[in-house]
Amino acid sequence: MSEGKVTKEELLKKAMIWKEIALKLHDLYRGKLMVLPKCAIESYDDFAWIYTPGVAEPCRKIHDNKEEVWRYTNRWNYVAVVSDGSRVLGLGNIGPEAGLPVMEGKAVLFKYLGGVDAFPLVTSARTADEMVQFLKWIEPNFGAINLEDIEKPKCFDVLERARKELNICVWHDDQQGTATVVYAGLKNALKLVGKKLSEAKIVFFGFGAANKKTADVLLLAGAKPGNIVIVDSHGVLGPHREDVKGTYKEWWAMNTNSEGIKGGLRDALKGADVLIAMSKPGPGVIKKDDIKVMNDDAIVFACANPIPEIWPWEAKEAGARIVATGRSDFPNQVNNSLGFPAIFRGALDVMAKTVTDEMCIAAGDALAKFAEEKGIHEDYIIPRMDEWEVFPYEAAAAAMQSIKQGVARIKVTWEEEYERAKNIIHRSQEMINLLIKYGLIQHIPEDIRKLYHKTK
């Protein structure tokens, strides 16, 4: 076995270790979040302004003008992480309670990477109508809402309706977050191979929430509908697919695939420049012979978790020049965490009323530019999560696009937003680090930490 290659058995062994680590630490900490004050409490006299009688005055101000809530409360930095638990990771419809650990984890990433105060809110709402109504009920508390792990096609309906009917940012990370990061990586990958988005033949393998929104964003960024070929579990989409009439796939069947391709994945990949796969865990879901029929300098995004549809080295052996996956232990990780903390940071700082797809493109452009300035190559087309400087850079880009589109409540310059975002994120990380340093957040026990080494 050559350098860099691992077997499925080795990855599964690592996954089992992480399962053990996760259970031990979730039990140790009994959850991953807590609530702390951000105001000084230096004597019991301070409770008189924090609560009664002093608190009545900001209440009066807000009653006279609701917009004052952004000035006198922390609503400007609150985000709700909302899920019904109907499509959690690769576990399916496991319900809201079982989805809560994921939403807590998401909130931690919001805080550490974006300085955002996020709250997990799982709900028993089942229908799209119930979900939208739930979002309306909680809207007065939050500056933005992050939808998470909601089954399709309900997730499409909830997102589009909520964006129209609520007056704060609403986005679905499985859709817009994924699309942002894939777009950023693809932009740099195309640059490396000397191809243009407007001319590239792009094949989507799997067409759930993530790939559907990625296709939306790529069209907005300049991809041509006729150059897109979509393959779902029943084959290539096209006018011949009677089964998709009346579904969200109908438009795509009628407006993509200008070559009139029929059949399966290999038929679609003949002469393709790009493959974006978000289907089911591999390996072996995509074959080496599939990649061999693609154009020279092919780009492959094999994003299924926990194991990509094809091993990266197999894709390269078959002719792919650049390969990205969803895993941190392979080059070019396509990770939503590169997107949502910063985009929300920028949106919250200008009190945006929505997160548009154009804001996702602006954020994706910032991610791509940050990596390009560091020096892109075949194994580095997108920043890594530990390059925290990218987050304020990306936040500023999202904020500027929000202002440009007229969906921001306040206007700032790029420099002002960059400095503000950088300070908020840095302060958030320093606070957490200090709590750990002084034992107010318990260190991870050494016996558990030793298990980490077995995953390397």
- Among the residues of segment 220-232, is there at least one that is among the polar types (S, T, N, Q), assigned by TED's automatic domain parsing to the domain that holds residue 253, assigned to a helix (DSSP H, G or I) and touching a residue at least 40 places away in the same chain (Cβ under 8 Å)? no
- Item | Hits in segment 53-102 (condition: among the hydrophobic types (A, V, I, L, M, F, W, C) and either closer than 26 Å to residue 39 by Cα or assigned to a strand (DSSP E or B) (or both)) | 55, 56, 59, 62, 69, 70, 76, 79, 80, 81, 82, 88
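Has segment 248-269 got any residue that is within 27 Å of residue 12 (Cβ to Cβ), of a type in the set (D, E, K, R) and under 24 Å from the mean Cα position of the chain (by Cα)? It would help to see each step written out before you state the result.
Residues of segment 248-269 that are within 27 Å of residue 12 (Cβ to Cβ), as a first pass: 265.
Okay, now just the ones that are also of a type in the set (D, E, K, R), so none.
No: zero hits.
Among the residues of segment 382-407, which ones are of a type in the set (A, V, I, L, M), surrounded by 24 or more Cβ atoms within 10 Å (Cβ to Cβ) and in a loop (DSSP other than H, G, I, E, B)?
We begin by selecting, within segment 382-407, every residue of a type in the set (A, V, I, L, M); these are 382, 385, 390, 395-400, 403, 407.
The next check asks that each one be surrounded by 24 or more Cβ atoms within 10 Å (Cβ to Cβ); those that pass are 382, 395-399.
Across segment 382-407, the qualifying residue is only 382.
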- Query: With respect to residue 322, is the statement that it is buried (at least 24 other Cβ atoms within 10 Å of the Cβ), assigned by TED's automatic domain parsing to the domain that holds residue 192 and part of a loop (DSSP other than H, G, I, E, B) true?
  - Reply: no
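I'm trying to understand the selection: among the residues of segment 18-56, which are over 25 Å from the mean Cα position of the chain (by Cα), hydrophobic (A, V, I, L, M, F, W, C) and within 23 Å of residue 451 (Cα to Cα)?
If the condition is that a residue be over 25 Å from the mean Cα position of the chain (by Cα), hydrophobic (A, V, I, L, M, F, W, C) and within 23 Å of residue 451 (Cα to Cα), then 28 is the only one that fits.
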- Message: Just to be sure before I move on: is residue 347 touching a Cys at 6+ places or on another chain (Cβ under 6 Å), assigned to a loop (DSSP other than H, G, I, E, B), crowded, with 24+ Cβ neighbours inside 10 Å and in contact (Cβ under 8 Å) with a residue 40 or more places away in the chain in the structure I sent?
- Response: no
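For every residue, the table says whether it meets (1) of a type outside the set (Phe, Trp, Tyr); (2) touching a residue at least 12 places away in the same chain (Cβ under 8 Å); (3) surrounded by 24 or more Cβ atoms within 10 Å (Cβ to Cβ).
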| site | (1), (2), (3) |
| --- | --- |
| 86 | yes, yes, no |
| 95 | yes, no, no |
| 101 | yes, yes, no |
| 136 | yes, yes, no |
| 144 | yes, yes, yes |
- Query: Filtering segment 5-57 down to residues that are in contact with a helix residue (DSSP H, G or I) (Cβ under 9 Å, 6 or more places away or on another chain) and loosely packed, with under 10 Cβ neighbours inside 10 Å, which residue is farthest from residue 309 (Cα to Cα)?
  - Reply: 40
- Please name all residue pairs, on different chains or six or more residues apart, with Cβ atoms under 7 Å, provided the first residue is in segment 368-387 and is at pLDDT below 95 and the second residue is not in a helix (DSSP H, G or I). 385/335
- Query: Filtering segment 160-172 down to residues that are surrounded by fewer than 24 Cβ atoms within 10 Å (Cβ to Cβ) and touching a helix residue (DSSP H, G or I) at 6+ places or on another chain (Cβ under 8 Å), which residue is modelled with the lowest pLDDT?
  - Reply: 167
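The values are calculated or read from the model by the stated rules, or taken from the named source; none is laboratory data. All values reported here derive from a predicted model rather than from experimental measurement. Heads up, the Cβs are rebuilt from the backbone with ideal geometry, glycines too, and the neighbour counts pull from every protein chain shown.
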